[in-house]
1. What are the trypsin sites (Lys or Arg not before Pro) within the range 287-376 that DSSP puts in a loop, where the Cβ has at most 13 other Cβ atoms within 10 Å?
2. Go through (i) 29, 58, 14, 0; (ii) 24, 48, 26, 3; (iii) 32, 61, 7 and flag the label whose value is the computed P(r) over Cα pairs in 20 Å bins from 0, in percent for this structure.
3. How high is the relative contact order of the range 65-171, given as a whole-number percent (alpha carbon pairs under 8 Å, six or more residues apart)?
4. For helix 334-346, report the angle its Cα long axis makes with the longest principal axis of the Cα atoms of the chain; keep it between 0 and 90° and round to the nearest 10°.
5. Taking the DSSP beta bridges in the chain as the whole, what percent of them are antiparallel, to the nearest 5?
6. Quick check: at a probe of 1.4 Å, how many percent of the accessible area of the chain sits on carbon and sulfur atoms?
7. For the chain, set up a GNM with springs between Cα atoms under 10 Å and report which of 51, 31, 158 has the largest fluctuation.
8. Given Cβ point charges of +1 (Lys, Arg) and -1 (Asp, Glu) and nothing else, what value in debye, to the nearest 20, does the dipole of the range 156-307 about its Cα centre take?
Amino acid sequence: MKVMIVVTHLLGTGHLARALTIGRAFAEARNQVSVVSGGGAVSHFDTTGVNLHQLPPVQSNGTDFTTLLCKDGTQAGPAHLQKRQDRLTELLIDIAPDVLITELFPFGRRILKEEFTTLLQAARAMSPRPLVLSSIRDILAPPSKPSKAAYADKMVTNFYDGVLVHSDADVVPLDLSWPVSPALAPFLHYTGFVAPAPPDETPAMRRGIVVSAGGGTVGDKVFEAAINAANLAPDIPWLLLVSGEDSRRIALNAKAPSHVRIEAPRPDFRALLEKAATSVSMCGYNTALDVLQTGVPAVLVPFDDGGEVEQGLRAEALSAQNGIAILRQDALSGTSLIDAIADVQAANKRPPRIAGMDGAARTVEIVRDLRRRSLQ
């Protein structure tokens with residue numbers, strides 16, 4: 001099969017990371033895979049077997065998802081958005097996919113609905129028409145008004161053949177965050193969680209604290225608290241993985257004691273967690289799965305700026321497990337962080353989670369079956 005996955009990350013980079021994990025799974029199953037990214041470029045992501053196409057990028061204005069910015073911080077105007085739309089349509093024609101997957105839309109990215117609708121209309125006009133699927137994470141931003149849920153239902157019933165829910169229905173069902181209507185329910189296909197292969201083994205000795213905040217430019221409160229906590233724990237090595245420009249890391253490094261290392265995000269993040277005594281992080285989808293798969297004791301600081309609730313809901317679901325604690329941003333300080341780290345380290349050990357983590361491979365199986373049935 002020829003598979004085309006369309007994704008735009010606006011604040012963090014988790015959407016692209018998940019799309020590429022799925023893309024690599026399709027490639028490993030000997031499919032031709034194209035991932036079309038509309039967010040900023042991320043150099044350290046693994047694109048093995050995947051043709052990565054870059055649209056003229058956009059990003060959100062912080063947590064204001066009603067305004068799109070260009071890479072230089074200026075507002076993305078009609079000309080910039082038209083270039084994206086034209087390029088997206090060109091790629092659809094050139095690739096001529098058997099399967100078209102839109103990541104998050106129509107459950108989110110409504111600010112880009114014009115380009116997505118144009119893409120979907122062009123796909124529907126193709127002969128043969130590709131199988132069209134939506135790809136969504138475990139927890140969505142709950143709709144602020146009923147019309148947003150109604151819009152998603154309408155788009156799904158008009159343009160889509162199915163919705164891939166990258167979760168375990170017994171752990172985090174979609175209706176925890178999104179109203180699943182009778183019209184939507186028949187389209188849902190739970191894949192399990194989309195995560196890389198599990199670690200081969202967990203080291204006997206864990207040491208040090210790894211602090212992360214995903215691939216966006218958020219997390220300043222987490223890093224400031226970590227530096228304050230490190231001053232209270234001088235015998236423990238700390239590693240802060242800080243995304244964004246070098247100037248951001250330089251500013252934090254000027255405040256940090258000598259036993260704190262500050263680096264850019266690394267491709268071996270999961271290997272770092274396998275060896276760490278504790279992870280301190282926000283609670284994005286990919287980081288949460290890394291925490292589960294490595295069994296690392298974890299303090300979760302869910303991102304809640306601008307009224308965001310997705311990470312808080314996910315953190316609540318995970319905190320029932322041993323060695324996972326929630327520390328809200330409004331309670332975050334060096335002292336509270338040290339206390340939370342001590343609590344999770346003293347908790348009963350949590351084995352690495354293996355079950356339900358093969359969502360990428362399961363996605364390939366589900367899509368292959370849906371494609372077969374569509375041709376009958």
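1. 328, 349
2. Matching the structure shown: (i).
3. Values: 101 pairs, mean separation 28.7, N = 107.
Rounded, it is 27 percent for the range 65-171.
4. 80
5. Values: 5 of 50 bridges.
Around 10 percent antiparallel, to the nearest 5.
6. On the way: 8410 of 16320 Å².
Carbon plus sulfur share of accessible area: 52 percent.
7. Taking springs between Cα atoms under 10 Å, the residue moving most is 158.
8. Working: 10 positive and 17 negative charges, 108 e Å.
It comes to approximately 520 debye.
The values are calculated or read from the model by the stated rules, or taken from the named source; none is laboratory data. Given the structure is predicted, the values throughout are model-derived calculations rather than measurements. Glycine also receives a Cβ, built like all others from the backbone with ideal geometry; neighbour counts cover every protein chain displayed. Surface accessibility is based on the protein's heavy atoms, side chains included, excluding ligands, DNA and RNA. Shrake-Rupley method; radii C 1.70, N 1.55, O 1.52, S 1.80 Å.
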